[in-house]
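Below is one structure, written out as structure tokens; comments come after it.
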Amino acid sequence: MNDKFQKLGLSADISVALGKMEIVEPTDIQSKVIGEILAGKDVVAQSATGTGKTLAYLLPILQKIDTNKREVQAVVLAPTQELAMQIFRQAELVIKNADLKIGAASLIGGANITRQIDKLKTKPQIIIGSSGRIIELNKKGKLPLKATTMLVLDEVDRMMDDQNLAGVKSVFKLLGTAVQTMIFSATISNKTIGRADLFMSEPVVVKLTGSAQVKPDISHSYIKADFREKTDMVRKLAQNIGINRGIVFVNKTDDVKIVVSKLQYHKVKVAGLYSGADKMDRKKALEDFAKGKIQLLVATDVAARGLDIVDVDYVINHDMPEDTMVYVHRTGRTGRAGKNGHAISIVASKEVIKLTEYGKSLKIKLIPKEFSHDKLVEVVKKKNNNQIVSKNSKSFDKIKKEEKNKK
């Protein structure tokens, strides 16, 4: 039995369930917020991608639910369908392994509303989904929420943006009079906290930062290429370095289709993922990627928020991340479940300085690489005149010999 989680106030059943899930040690964010949530306090929690935020709120919420009441007691809102479904699957896994008599339902836009209505007839006690569909079902009289006492805003920096804020406000008005609100994200700005204040009362604030943000099992490298050559560099990577499953990040939605089209022309198995894509296209892209039918998934940061796909061995930055946290978000998609991962940034000459600054800030070693004879090799700098050569170039051995003779 996992007594470390019991010491945080969780039940023996939940501790046993975590053991079945091979989770034996609470993460920092879990250790700091589980007790506060169990005590009924509002919580503001910031922690890096991959640090266990989902379980940090799901575990205490599931414990607090009164199984004798067949009404919605908790609502979790997420900004994307993919994230909502991942949270839902995590909740179902804990419920099953702990043998809890709790019903959960996912309510996302684009899904079959008739099936969702049928699911609501089973009287679930926790709802996970999007504000639009929840509001729609409430208006139809299918989803009463006045008994709801717990609200979670996951990826709150997105939930509090101009696009989603109105929906969150509308959902909040549908809930009970005394609501415990919990907000979670990898980044939480002062503007976000200011807006979230509308739903909170004297929250406990937990912000975890530092080197733990970068996963230790990821190698970080970069390749120099002109802007117009970046997509072709992705093609060379796909065809030469043995990528099994890689995510390629671009900054603009409009560029997803362009990059996908160019790669498909060169027979690369690739699909695109962006926030405005058709629901069925998004679903097929993710399913094909998870099953290994496609090698590369081209995505924007917005579309990739919350993705938790196993065995992603490479993350490729086609475009420069806007800041260090975006770099951490992207690279956090690889190197999961104890496996090694690789992050490769394709940068123009003027972007090298900015990427180097990221490396210093995050305390990671960025290795310069290049293609030589269709092999990706490390670039080595000659000490006396800063000449750059690749480790397998013909001049490399000569340079090393000269340096040895000088000694």
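Here are a few things to note about the model shown:
- Summary of packing: across the peptides 289-300, 134-145, 101-112, the per-residue average of other C-beta atoms within 10 Å ranks them, highest first, as 289-300, 101-112, 134-145.
- Long pairs among Lys41/Lys363; Lys224/Lys269; Lys252/Lys283; Lys224/Lys293, criterion Cα-Cα beyond 31 Å: Lys41/Lys363
- Translational diffusion of the stretch 176-326, µm² s⁻¹ [Kirkwood Rh, Cα pairs; Stokes-Einstein; 4 °C; 1.567 mPa s]: 73
- Stokes-Einstein diffusion of the stretch 65-180 at 10 °C, 1.306 mPa s viscosity, Kirkwood radius from Cα pairs, rounded to a whole number: 112 µm²/s.
- Here Lys191 is the anchor, and the aspartates and glutamates within straight C-alpha reach of less than 12 Å, apart from those fewer than 8 places off in the same chain, are Asp157, Asp161, Asp162.
- Helix 352-362 vs. the chain, principal-axis angle (Cα, 0 to 90°, nearest 10): 50
- By the helix-only formula, in which each DSSP H run with n ≥ 4 contributes -39500 (n - 2.57) and the sum is divided by residues, the chain has a 222 nm mean residue ellipticity of -11500 deg cm²/dmol.
- Of Tyr265, Tyr274, Tyr57, the residue with the greatest mean-square motion in the GNM of the chain, using alpha carbon springs below 10 Å, is Tyr265.
- Between Phe184, Phe227, Phe88, the residue with the greatest mean-square fluctuation in the GNM of the chain (Cα pairs under 10 Å linked by springs) is Phe227.
- Structure remark: mean-square fluctuation, Gaussian network model of the chain, C-alpha springs under 10 Å; the largest value among Ile309, Ile37, Ile29 belongs to Ile309.
- Mean projected area of the Cα convex hull of the chain, taken over all directions, amounts to 22.5 nm².
- Surface accessible to a 1.4 Å probe, per residue, for the residues of the chain, Å²: 49
- Nearest-ten-degree value, helix 279-290 long axis tilted from longest Cα axis of the chain: 60
The values are calculated or read from the model by the stated rules, or taken from the named source; none is laboratory data. In this text, all values refer to a predicted model and were calculated from it rather than measured experimentally. Glycine also receives a Cβ, built like all others from the backbone with ideal geometry; neighbour counts cover every protein chain displayed. Just the protein is used for accessible areas: all its heavy atoms, side chains included, with ligands, DNA and RNA removed. Shrake-Rupley method; radii C 1.70, N 1.55, O 1.52, S 1.80 Å.
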